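Following: one structure in structure tokens, then a few remarks.
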Amino acid sequence: MNSQSGLPADLSRFGNVEGYAHYPKLVTPGLPAPAGGGLLKWYDIAEAATPVTRETSALAQRFLAAETATGRLNLKGELGFVILHRCGGDFHFLLVSSWRNANEMWETVYAKTSEAADFSPFALPGPHRATFCVWELAAVNHERLAFGRYLVSSRDEAAKRTYLEDHYEGGA
């Protein structure tokens, strides 16, 4: 251990991602989605050459509407955002995040494989789970900052509109 930094002298066994080459994706905002009594911003994330298709986006929107209509997802007047991420090929995550308890982000995760007709809940076993990938974090970080600005505002009608109209668009 290096006594000044607290780091091990040899970092060769940490953070290795053998065989992985990172590449850019784009974050594209969409129209807000009313959902289960809540109002969510919408983001698509994909490689520029293979964007989220209109068909997949429409399917995701119908699925979200059905989840909220049946009460499986109750957003109780919350604000938040959706990320529809084309991860690779035809695998998609549908990440539904809402702000609860004043300043907490809550998330429900759905996925769709190329073989599946629709999205379905995506459960991971164990206590240590994936949350967001580096591409998704571009939108998440923007939303964290935007909601922080909302929290210190008057939180009136104008402030809500400002939050809902504040989107991230660009590289990830």
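The values are calculated or read from the model by the stated rules, or taken from the named source; none is laboratory data. What you see is a predicted model; the values in this text were computed from it and never measured. Neighbour counts run over all protein chains shown; Cβ positions are idealised from the backbone, glycine included.
Brief remarks on what is shown
- Counting only residues that are part of a strand (DSSP E or B) and loosely packed, with under 11 Cβ neighbours inside 10 Å, the stretch 83-130 holds 2 of them.
- Entry remark, the stretch 1-52: residues being surrounded by 10 or more Cβ atoms within 10 Å (Cβ to Cβ), charged (D, E, K, R) and more than 27 Å from residue 99 (Cα to Cα) number 1 in total.
- In the stretch 131-162, the qualifying residues are those that are surrounded by 14 or more Cβ atoms within 10 Å (Cβ to Cβ) and in contact with a helix residue (DSSP H, G or I) (Cβ under 7 Å, 6 or more places away or on another chain), and the one that is farthest from residue 94 (Cα to Cα) is 159.
Residues checked against (1) among the acidic types (Asp, Glu); (2) touching a strand residue (DSSP E or B) at 6+ places or on another chain (Cβ under 9 Å); (3) closer than 17 Å to residue 86 by Cα:
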position: 5; (1), (2), (3): no, no, no
position: 8; (1), (2), (3): no, no, no
position: 11; (1), (2), (3): no, no, no
position: 14; (1), (2), (3): no, no, no
position: 20; (1), (2), (3): no, no, no
position: 24; (1), (2), (3): no, yes, yes
position: 30; (1), (2), (3): no, yes, yes
position: 33; (1), (2), (3): no, yes, no
position: 44; (1), (2), (3): yes, yes, yes
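- Residue that is farthest from the chain's Cα centre (by Cα) [pool: residues in the stretch 131-172 that are assigned to a loop (DSSP other than H, G, I, E, B) and either closer than 15 Å to residue 32 by Cβ or among the polar types (S, T, N, Q) (or both)]: 154
- Inter-residue pairs, beta-carbon under 8 Å, first more than 9 Å from residue 42 (Cβ to Cβ) and in the stretch 54-65, second exposed (fewer than 12 other Cβ atoms within 10 Å of the Cβ) and of a type in the set (Asp, Glu), 6+ apart: 59/118; 63/118
- The listed residue being within 24 Å of residue 101 (Cβ to Cβ), among the polar types (S, T, N, Q) and modelled with pLDDT under 95, out of 162, 131: 131
- When the stretch 65-82 is filtered for residues that are surrounded by fewer than 15 Cβ atoms within 10 Å (Cβ to Cβ), among the small types (Gly, Ala, Ser) and touching a Lys or Arg at 6+ places or on another chain (Cβ under 9 Å), only 66 remains.
- Residues of the stretch 1-31 satisfying the condition of being in contact with a helix residue (DSSP H, G or I) (Cβ under 6 Å, 6 or more places away or on another chain) and not in a loop (DSSP other than H, G, I, E, B): 27
- Residue check for residue 56: more than 27 Å from residue 157 (Cα to Cα), touching an Asp or Glu at 6+ places or on another chain (Cβ under 9 Å) and not small (Gly, Ala, Ser): yes
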